[in-house]
Amino acid sequence: KERQHFHKERYCIVLYLKKLVSAQLVSFPFGIKKNEFPDFVLFKPDNTSIGIEVSEITKESYQQSLSQIPDNNKFEPIFLSKFSNSKNEDPSFINSGWVGDSVEHEWSNLSTNIIEKKISLLNNHYYNCDKFELLLYSNTHLPNVDKEIVIKFLTQNLNEWIENKIFTKVFESISIIYGQEVWLNILKSNK
């Protein structure tokens, strides 16, 4: 419905700030400014700044399917497993769903790819802030992930990727918006 990228960012930052305030991680007064690289800068009363990058956990093919209106204005059912990472095009497979923890594996792999890209950008393009946080908005085709399992898989994926790498800047914390929930600081840097 004509939703633009900045609408998503604004929705995410408001939900995130509410959660930070309720968890007493940020207190009033503070200022927030829309920016690029990172998307928002939070200014605290002690004159420190937090760069908050907002990104979406999604697949382009899934997002495109959400915005397409068929020529006949009749919506056909879409099997969510169609957007799975599998290369199998057999229609019976496409409607087979997920088994065991496969949905959590797929979700954490998708999230890992986004985080890797954002960490690389952080070290090449970002405005200078005292610290940086990454806020991810889960907008995927993947149904009902188990929070504990995906955090475990995501942590394993990122630890493997980060091993033997050195970064000038890191995200001090990574939080995720999943539905109406905000999972604060699921991954914290040891910096």
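Below is a table of values for the structure above.
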{"quantity": "Hits in segment 152-177 - residues which are exposed (fewer than 13 other Cβ atoms within 10 Å of the Cβ) and of a type in the set (Ser, Thr, Tyr)", "calculated": "THR168"}
{"quantity": "When residues of segment 35-61 are limited to those that are surrounded by fewer than 14 Cβ atoms within 10 Å (Cβ to Cβ) and over 18 Å from the mean Cα position of the chain (by Cα), the one nearest to VAL145 (Cα to Cα)", "calculated": "THR48"}
{"quantity": "Positions within segment 30-49 being farther than 30 Å from GLU104 by Cα and in contact with a strand residue (DSSP E or B) (Cβ under 8 Å, 6 or more places away or on another chain), in sequence order", "calculated": "PHE30, GLY31, ILE32, LYS33, LYS34, ASN35, VAL41, LEU42, PHE43, LYS44, THR48, SER49"}
{"quantity": "Within segment 111-151, considering residues that are of a type in the set (Gly, Ala, Ser) and under 20 Å from GLU9 (Cα atoms), the one surrounded by the fewest Cβ atoms within 10 Å (Cβ to Cβ)", "calculated": "SER138"}
{"quantity": "Residues located in segment 137-175, provided they are farther than 19 Å from SER55 by Cα and among the polar types (S, T, N, Q)", "calculated": "ASN144, GLN156, ASN159, ASN164, THR168"}
{"quantity": "Where ASN123 falls short, out of the listed (1) at pLDDT 85 or above; (2) in contact with a Phe, Trp or Tyr (Cβ under 6 Å, 6 or more places away or on another chain)", "calculated": "(1)"}
{"quantity": "Condition broken by SER138, with the remaining ones in (1) more than 30 Å from PHE43 (Cβ to Cβ); (2) modelled with pLDDT of 80 or more satisfied", "calculated": "(1)"}
{"quantity": "Residue list for segment 118-160, restricted to those being within 13 Å of the chain's Cα centre (by Cα) and either aliphatic (A, V, I, L, M) or within 22 Å of LEU20 (Cβ to Cβ) (or both)", "calculated": "LYS118, ILE119, GLU133, LEU134, LEU135, LEU136, TYR137, SER138, ASN139, VAL150, ILE151, LEU154"}
{"quantity": "Residue check for ASP71: assigned to a loop (DSSP other than H, G, I, E, B), open to solvent by 30 Å² or more (accessible area, probe 1.4 Å), out of contact with any helix residue (DSSP H, G or I) (no Cβ under 9 Å at 6 or more places or on another chain) and modelled with pLDDT of 85 or more", "calculated": "no"}
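Let's see how each residue does on (1) within 21 Å of LYS118 (Cβ to Cβ); (2) of a type in the set (Val, Ile, Thr); (3) at pLDDT 90 or above:
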site	(1), (2), (3)
LYS8	yes, no, no
ILE13	yes, yes, yes
SER22	no, no, yes
ASP39	yes, no, yes
ASN47	no, no, yes
THR58	yes, yes, no
SER65	no, no, no
LYS87	no, no, no
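The values are calculated or read from the model by the stated rules, or taken from the named source; none is laboratory data. Not measured: the values here are computed from a predicted model. Please note: Cβ atoms are built from the backbone with ideal geometry, for glycine as well, and neighbour counts cover all protein chains shown. These area figures cover heavy atoms from the full protein model, side chains too; ligands, DNA and RNA do not enter into them. Shrake-Rupley method; radii C 1.70, N 1.55, O 1.52, S 1.80 Å.
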